[in-house]
Amino acid sequence: MSSATDTTAAAPAPAVPAAIAAQESRLAGASEWRLIWWRFRRHRLAFASGIVVLAIYVIALLADPIAPASTEASKPQYTYAPPQMLHLFRTTDDGWRFEPHVLGYRVQIDPRAMRRSFVTDPDTVIPVGLFVRGDRYSFLGLFESDLHLFGPIEAGQPFFLLGADRLGRDVLSRTIHGARVSMSIGLVGVLMSLAIGVVLGGLSGYLGGLVDSAIQRTIEIIRSIPTIPLWMGLAAAVPLTWHPLAVYFAVTVILSLIGWTTIARIVRGKFLSLRNEDFVVSARLDGASQTRIILVHMLPSFYSYIIAATTLAVPTMILSETALSFIGLGLQPPMVSWGVLLKEAQNIRSLASAPWLFAPGVAVMIAVLSLSFLGDGLRDAADPYQK
Amino acid sequence: MFAFIIRRTALMVPTMLIISAIVFVVIQLPPGDFLDTLASQLASQGEGLADSQIALLRERYGLDQSILVQYLKWITNIVTALDFGQSFEWNKAVLDVIAPRFWVTLGIALLSLALTAVVAIPCGIYVSLRQYSLGDNLATFFSFLGLAVPNVLMTLVLMYASFTLFDSNPGGLFSAQYQDAPWSVGRVLDLLAHLWIPAVVLATAGTAEVVRVMRATMLDELSKPYVDTARAKGLTEARLTMKYPARIAINPIVSKLGWMIPIIVSSEAVVSIVADIPTMGPLLLRSLLAQDMYLAGAIILLLAFLTVIGTLISDILLALLDPRIRHAME
Amino acid sequence: MRAPTAAPLLEVDNLRTHFTTPGGLVKSVDGVSFTVGHQETVCIVGESGSGKSITARSIMGLVRRPGRVVGGRMNFRLRDGSTVDLAAIPPDSATYRAIRGREIGMIFQEPMSALSPVHTIGSQIEEGIRLHLGFGARAARERAVDALEKVGFPGARQRLNTYPFQLSGGLRQRVCIAMALACEPSLLIADEPTTALDVTTQANILELLLRLQGELGMAIVFITHDLGVVAEIADRVVVMYLGQVMEAGPASGILGHPRHPYTRGLLRCVADIEGDGLLRAIPGIVPHPLARPPGCPFSTRCEEMMPGLCDTTAPELLAINGESRVRCHLWSSGQPHVTEGAVHG
């Protein structure tokens, strides 16, 4: 009788094979965060979206050096110039070699429609390079520079990868700069909603009773006022004379005035279900203070939900900012946000001749889609059993 | 049931009163009032308005009284006489300015709601029965797309498509030839040709949401034991699916539709501004910019009223559809 | 195989129902055989995960994806005297649908969730009657009242329009029974119908089932983990473990002289076999379905495990004196082994 079978006989053998047992012990030993991370990693779409979101935020932060031009650099002679194709190789008489470049424009006048139109001119080669000198900018007010990640090697040459707008400004550069306002307004607005939502939702769920009913009625009433008309009313109250930064914060506050209700509901629901959980009851019996119970015992147990709900609230904010700025009640030029930029596309005739003005709209879509997938993935990872 | 409807309707009254107070505060927020706007407009045109004249007008419109007094006056007139006050800019009773546009707003909202229900419910049932099929993945993809495309962008894209493909610029409500024509089949078709863009845009986001909810609820319901019971009776799959899980999965959709009304009404304002459809949306924008406060207030209030009525109807429908809720009421 | 004295109503032979899961193939039912005679009550007993419910669902054609009946035969004798092999017809075919609800009725464990919450009990009972018997609305209603009265549902006619949530658990289960028996099937499959009920209601429902069996002349396949219930109603018993039959035979034999260590373990959970006043649970847990032990499936928990034999070689299901069968190396020569090598508890 071998010793292996001996142990098997003496104690009931593990009902699970070694591989599964090993995995289970690994799971049992892992912290909650680690578990969430593992589950999230398996969500390939959400993971990829997370990387996209991160990339967008990096681009937004580093907009000045990344964008080839500044937002206001206009070249009126290139009004509605179409996008240029980036060529990586150049063919010359001695064969072809690596030399990234774009082609310049030639103006053609259609004699019948009396319309100017641009065609690319194969003879004008505009070399393009990395880390080139261009428009001066002040990076986040920290230092000044004129270095750009990429652009025409000779500053001042036309370089419109996504075409030009009404005033001959680079749509790509403006869209990159627009990310800064649009993406940060989503984030800042959500953080504000989060603060209000967690406090009020927490009070509502933890205290219950009269406080709970009062907060719940408030939420119901706020939710039954159509949001955009209410926002329009509030945004119209922001004086036109304010500094753009003040307008930015005012709009953010306005958006989060309504956004908090969703988060408050989630937090309240969680608090209600946690209130009678053993670990909370035992903390209470131990004589822990209410603040301590809420901060130390209850909140950490659903950080993950809050993070997921917050991620899912950012796209709503971005879409709302776009709508408000588009109709002219939110941010105003010279501030650039995706909504402000889309306003350029409002005229259907200019849109028909310059469809690349949709670019900021596509940027909104990419941002909203990747944030939604990321949020969905986080929610699934935080609570695999939730429907 | 009758008692429930009465009780539920009575509950609307305080809600609407609180909303009216919020709305009034909001329209009072901008510094200055309509008369300041008017004065500066006239001044820019080279015509001056004497301070005494302004003071006179201010007194006539009651703008010199405290906010509370103004509010009480405003709400009393609305409740007792359905008098929403005067529009400064149009120099007409607010109700007369709003009325024709109110019906367009309501029409577009109902049209898109109907479109949502007709498209989304069958889609949701289908994809739940064919989980992970091509159709399911397509529906999921379009759901996300529907949620991610900003309404303004979609309106612009549809207008762009309509302009470049059909060479038509579908702004407004009617084409020139039908503008003042009496009602006819042609006029109705012309109206629909102008309304399809807002209806499609508004229905898309809603459809995406309803398909998602319907699919999730159906998958949930399909796994319930009562489905096995129905199978054990020998019913066909089609019949038992329609009678049981689909029927039960409709309930959350009905309450969802109630919550969708504020979103539709909201988005409708923006979409109509973009597509230049004469609904309350563009009127609201204009009145806000001109500080035509009673007009703006009346519009926000009416839009909120539509929402509250919408949730009321969805609550009543839900009680009619779900005997558990109905019995909990009684 | 045991030679049936008369043609049985249902003859399950080597039934295999497998589930394709991401983790691997789960053989929930793996070669199960038993027969059900006319008007006989057969109890299938086992712990959770033994495959007893999947066996019941396989007969009814209710195995859900990713599960599928992959082999074996289930010969069922129809009302008209012909025999069909249920394993050979697709579960969603018209042939199978004509059998479900008409020839075989089924009741489930949870009477609340087994009924639709938003349809009246009348509507739910009537639809089977209209479907199988071709009755009109009025006739189906009368038949539904009949069926409810037969199961002792008080005030049946007045309460056809009530909803399941307005009824107690016992009444709901009576509605389920009325629904299953409305078309007077010759076989009733009862999947733990009393588990979710309190003890008194449990007894009433069992009594009702036995009475109806006599009145309607039907056979019952009763799935349960409760040997107390088995003792009350079973003619014959099939004991299952990890998708296989461990022991089968007449109820008196199984309960009075259990041969398989697993059956004995189950009995010790309900009866004081040793006479020391103690009830004992079977040690250990049912193995993970994807980690079936080599050899005898019960070897990991068996008190009489014979190392080198039980954990390497799977025992055959062998006939022991006529009607009884047992799958255990202790009985592999038809005689009990001398259990000298058995390990002490």
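The values are calculated or read from the model by the stated rules, or taken from the named source; none is laboratory data. Because the structure is predicted, anything quoted here is derived from the model rather than measured. Note: ideal-geometry Cβ built from the backbone for every residue, glycine included; neighbour counts use all protein chains shown. Note: areas computed on protein heavy atoms with side chains; ligands, DNA, RNA excluded. Shrake-Rupley method; radii C 1.70, N 1.55, O 1.52, S 1.80 Å.
Data overview
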item: Size of chain A as Cα extents on the principal axes (Å, biggest first); result: 93, 70, 43
item: Relative contact order (%) - criterion: Cα under 8 Å, at least six apart; region: chain A; result: 20
item: Residue among B:143, B:272, B:175 with the largest mean-square fluctuation in a Gaussian network model of chain B, springs linking Cα atoms under 10 Å; result: B:175
item: Whichever aspartates and glutamates have a C-alpha closer than 18 Å to that of residue B:243, once near sequence neighbours (fewer than 8 apart) are set aside; result: B:220, B:221, B:228, B:322, C:92, C:126, C:127
item: Mean projection area, nm², convex hull over Cα of the protein assembly as shown; result: 60.5
item: 5 angstrom amide H check on residue C:41, placed H, neighbours 5+ away; result: C:220, C:235, C:236
item: Kyte-Doolittle mean at least -0.5 and Cα axial length at least 24 Å: DSSP H helices in chain C; result: C:199-216
item: Cβ-derived FRET efficiency at R0 35 Å, residue A:42 paired with residue C:94, nearest 0.05; result: 0.25
item: Rg to Rh, two decimals, where region B:95-329 supplies the alpha carbon set and Rh follows Kirkwood; result: 1.04
item: Top of C:182, C:231, C:144 by mean-square fluctuation, Gaussian network on chain C, Cα under 10 Å; result: C:231
item: Stokes-Einstein D (µm²/s) once Rh is taken as the Kirkwood radius of region C:115-183 over alpha-carbon pairs, at 37 °C in 0.692 mPa s; result: 285
item: Derived scalar couplings ³J(HN,Hα) [region A:197-214; Karplus, 6.51 cos²θ - 1.76 cosθ + 1.60; whole Hz; x for Gly, Pro]; result: x, 5, 5, 6, x, x, 4, 4, x, 7, 7, x, x, 5, 4, 4, 4, 4
item: Under the Debye formula (equal points on every Cα, no solvent term), log10 I(q)/I(0) of region B:2-94 at q = 0.11 Å⁻¹; result: -0.44
item: For residue B:98, net neighbour charge (Lys/Arg +1, Asp/Glu -1) across residues whose Cβ lies under 14 Å away; result: -1
item: For chain C, the spread of Cα positions along each principal axis, largest first, Å; result: 70, 46, 44
item: Radius 15 Å from Cβ of residue A:283, net charge of other residues (Lys, Arg +1; Asp, Glu -1); result: 0
item: Projected area averaged over orientations for region A:237-286, convex hull of C-alpha atoms, nm²; result: 5.4
item: Pairwise FRET efficiency - residue B:174 versus residue A:119, Cβ, R0 = 45 Å, nearest 0.05; result: 0.65
item: ³J(HN,Hα), Karplus 6.51/-1.76/1.60, whole Hz, each residue of region A:147-155, x for Gly, Pro; result: 7, 10, 4, 8, x, x, 5, 8, 4
item: Cα centre as origin, Lys/Arg/Asp/Glu Cβ charges: region B:95-329 dipole, Debye; result: 920
item: Theoretical FRET efficiency, 1/(1+(r/R0)^6), r = Cβ-Cβ of residue B:141 and residue A:196, R0 45 Å, to 0.05; result: 0.85
item: Measure of compaction for region C:1-135 (Cα Rg per 2.2 N^0.38 Å); result: 1.13
item: For chain B: relative contact order, % (alpha-carbon pairs under 8 angstrom, 6 or more apart); result: 26
item: Other-chain or far-sequence residues with amide H under 5 Å of residue A:135's (modelled H); result: A:70
item: Cα-only radius of gyration and Dmax that characterise region A:84-159, units Å; result: 16.4, 53
item: Nonlocal amide H pairs with residue C:71, under 5 Å, H built at 1.01 Å; result: C:16
item: Reachable lysines from residue B:92, criterion Cα separation under 22 angstrom, eight or more residues apart if same chain; result: B:73
item: Charge sum, other residues only, whose C-beta stays under 11 Å from residue C:51's C-beta, Lys/Arg counted +1 and Asp/Glu -1; result: +2
item: Karplus (6.51, -1.76, 1.60) ³J(HN,Hα), θ = phi - 60°, over region C:300-307, in Hz, Gly and Pro reported as x; result: 6, 10, 7, 6, 10, 4, 9, x
item: Helical mean residue ellipticity (222 nm; -39500 (n - 2.57) per DSSP H run of 4+; nearest 500) of chain C; result: -8500 deg cm²/dmol
item: Residue C:132 accessible area, assembled protein chains, probe 1.4 Å, Å²; result: 40
